[in-house]
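See structure below.
The values are calculated or read from the model by the stated rules, or taken from the named source; none is laboratory data. Quick caveat: nothing in here was measured; it's all calculated off a predicted structure. Methodologically, a virtual Cβ is constructed for each residue, glycine included, from the backbone with ideal geometry; neighbour enumeration extends over all protein chains shown. Quick note on the areas: whole protein, heavy atoms, side chains included, nothing else; ligands and nucleic acids left out. Shrake-Rupley method; radii C 1.70, N 1.55, O 1.52, S 1.80 Å.
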Amino acid sequence: MKLKTLQFFSTVILGLLALMTSVWAEGSKELVASGGQRPFLEYRPTLLSGIPRKTIIRVYVQSGETLNLGSSATNLGAGVITYTSPTGTATNCATSVGRIFTNVQELAGPLPNTGGYTPCTVNVTQTGIWTIDFVSPDQNSATNPPTGTESNANSTWTIPALGGSIQPNNVGWVAAWDVTVRNSGGTAILGRTYTNYIAMNMGGNSRSLSSKVYFQTRDGYLYSIDGNGLDPFGFILFANRAGIENPAGTLNSATLNSVFQSFEDATLGGRGVLSPTIGVNDITTTNNTHKLFFNIPDTTMPATASISGGSTWLYQLPVTPPTPSNLTFTGIDGTAGQAGAGLGGTFTFNASSPGSFQITLDLNQNNILGDGIDRVIPGTSVTGSNSIFWDGLDNVGNPAPVNASSFKTAVELYAGEIHFPLIDAENNPTGLIFKRENDPALATTPTPDPFTVYYNDTGISGGTGPNPLTALRGVSSATGAHSFSNSWGDAAIIDTWAYYPSQRLEIPGGITVA
């Protein structure tokens, strides 16, 4: 089976739920709400690209609230629900409760919701992050989930005890699961449940993953990602701040090393994707695995919270992107504001904090930055002075055209950076839909398009790749972006990213190629 590491996002509750009372819950019902086929939750220790296919769910709960848990695998084989308090005390739910028998119960959530399941209920006395393990019936099993009609997202199903086949007692996955937080008055609270990564399995290829989830970044930005018919088979869904790193294993350092490009496995060299972290004691680290929520995060959550083993960041409003200043250019020959033909030179600028940047050169001199042969140079910046070399080439590898007149050149810095690395995802027929769901209080003008995504696939050859092959100046994903087919993504790591730009800073008078 092949790992597909992707990322993508949230949903609205099914129209069917409107017929029920108080049907707020979080879990597998969000993942099937947008149609397509069901993604089954994996829980087994086998590694895919070094990442355990064992999904761990987290949920923020306050003292005095109740935690309600359910799983279709409870009391089947070794299937059980385990919950761990913020101080590290682990407890198994009784096998007589917490069983989700049917899709009606999955959609309804826990009793007393109409048609709901009997939950495993925890009366919470410790405020913080509680860890939930929906243990599968057999962690040693490599059996894939069913691909029949019962696996369609909105199909009627029952577990074997009622004559169905959706949840066997000898598999390493869970068909349906639920986490519901209720306050002291019994009202459900959405936006508390998240994970650092989620391992899922579609049962095979030629399936349609249409789930929608949310990613919260460490600096407060919220993105929704819609699978929109992705065909991934077995996959791990997560997002981080830098995507593919160069060299591999360096992103925990003080400086990010994102390469802003996709690669075939054979051309990775020393590069790699940083595996998702477990989210403990990650409050001050440079690179963060972003938190995957199943609904819009609850805005009343604190900025940090206790979790077994330490603490983690949680919720904050989006920060303003760093401010660039003092952008200059000096050619290789030492001439300020001028490059020799095919020689290039060095840009310098100052940044108010570390992050990412893009320098754009209007080489076709039409006053539109980023079209035609215009060169775009992405990278990561440090606080203070930054020096970036330009090799004198345009975006297709030819020497920049000689012209006595100057052309516009600008730099932008970014906040809210998020990368969605797809590992070995053969087909993405209609493209993913990305949307930034919030902006900082001090917004950039004009307002950046919330659907803009970026990618650079020049490192992958053959097959039917995306059109355009490179989108370093951004492309809208409002109807789907970065699509590919004919197994173009096989044996490749495909990175799509997004971020929020600062105000653009231009070099006064531009530069020339002489």
Task: Number of the exception - Ile373 against (1) in contact with a strand residue (DSSP E or B) (Cβ under 9 Å, 6 or more places away or on another chain); (2) without any contact (Cβ under 8 Å) to a residue 40 or more places away in the chain - done: (1)
Open item on the list: For the list (1) part of a loop (DSSP other than H, G, I, E, B); (2) under 30 Å from Ser352 (Cα atoms); (3) touching a strand residue (DSSP E or B) at 6+ places or on another chain (Cβ under 6 Å), I need the number of the one condition that Asp439 fails.
Closed with: (3)
Open item on the list: For the stretch 482-497, which positions are without any contact (Cβ under 8 Å) to a residue 60 or more places away in the chain and open to solvent by 50 Å² or more (accessible area, probe 1.4 Å)?
Closed with: Asn486
Task: Residue check for Leu48: buried (at least 19 other Cβ atoms within 10 Å of the Cβ), at pLDDT 75 or above, aliphatic (A, V, I, L, M) and farther than 30 Å from Asn183 by Cβ - done: yes
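Quick grid of which residues meet (1) open to solvent by 30 Å² or more (accessible area, probe 1.4 Å); (2) in a loop (DSSP other than H, G, I, E, B):
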residue	(1), (2)
Arg53	no, no
Arg58	no, no
Ser63	yes, yes
Leu67	no, no
Ala73	no, yes
Leu76	no, yes
Thr82	no, no
Gly88	yes, yes
TODO: Looking only at the stretch 463-477, decide whether some residue is farther than 30 Å from Gly510 by Cα and modelled with pLDDT of 95 or more.
DONE: yes
- [ ] Can you work out which of the residues in the stretch 322-344 that are at negative phi and touching an Asp or Glu at 6+ places or on another chain (Cβ under 8 Å) is most open to solvent (accessible area, probe 1.4 Å)?
- [x] Leu343
- [ ] Please go through the stretch 197-217 and pick out each residue that is open to solvent by less than 10 Å² (accessible area, probe 1.4 Å), among the polar types (S, T, N, Q) and part of a loop (DSSP other than H, G, I, E, B).
- [x] Ser211, Thr217
Open item on the list: Asp439 - would you say it is farther than 30 Å from Pro232 by Cβ and not aromatic (Phe, Trp, Tyr)?
Closed with: yes
Open item on the list: For a quick check of your reading: which strands (runs of 3 or more DSSP E) sit entirely within the stretch 97-187 and have at least 3 residues that are crowded, with 20+ Cβ neighbours inside 10 Å?
Closed with: 128-135, 177-182
TODO: Could you grab the pairs with beta carbons closer than 8 Å, sequence gap of 6+ or different chains, first residue in the stretch 328-348 and free of Cβ contacts under 8 Å to residues at least 12 places away in the same chain, second one crowded, with 20+ Cβ neighbours inside 10 Å and aromatic (Phe, Trp, Tyr)?
DONE: Ala336/Phe329
Task: Selected residue (only one of Thr464, Thr452 is within 19 Å of Gly243 (Cβ to Cβ) and open to solvent by 20 Å² or more (accessible area, probe 1.4 Å)) - done: Thr452
TODO: Please find, within the stretch 271-314, the residue that is farthest from Ile189 (Cα to Cα) out of those that are assigned to a loop (DSSP other than H, G, I, E, B) and of a type in the set (Gly, Ala, Ser).
DONE: Ser275
Open item on the list: Return the pair list, or none, for Cβ contacts closer than 8 Å from residues in the stretch 436-450 that are over 18 Å from Pro322 (Cβ atoms) to residues that are basic (Lys, Arg), at least 6 apart or on different chains.
Closed with: Pro450/Lys435; Pro450/Arg436
Task: Those residues of the stretch 218-237 which are of a type outside the set (Gly, Ala, Ser), open to solvent by less than 10 Å² (accessible area, probe 1.4 Å) and either at positive phi or modelled with pLDDT under 95 (or both), in sequence order - done: Leu230, Pro232, Phe235, Ile236, Leu237
- [ ] Just need a number here: residues in the stretch 469-481 that are of a type outside the set (D, E, K, R), touching a residue at least 40 places away in the same chain (Cβ under 8 Å) and surrounded by fewer than 24 Cβ atoms within 10 Å (Cβ to Cβ).
- [x] 6
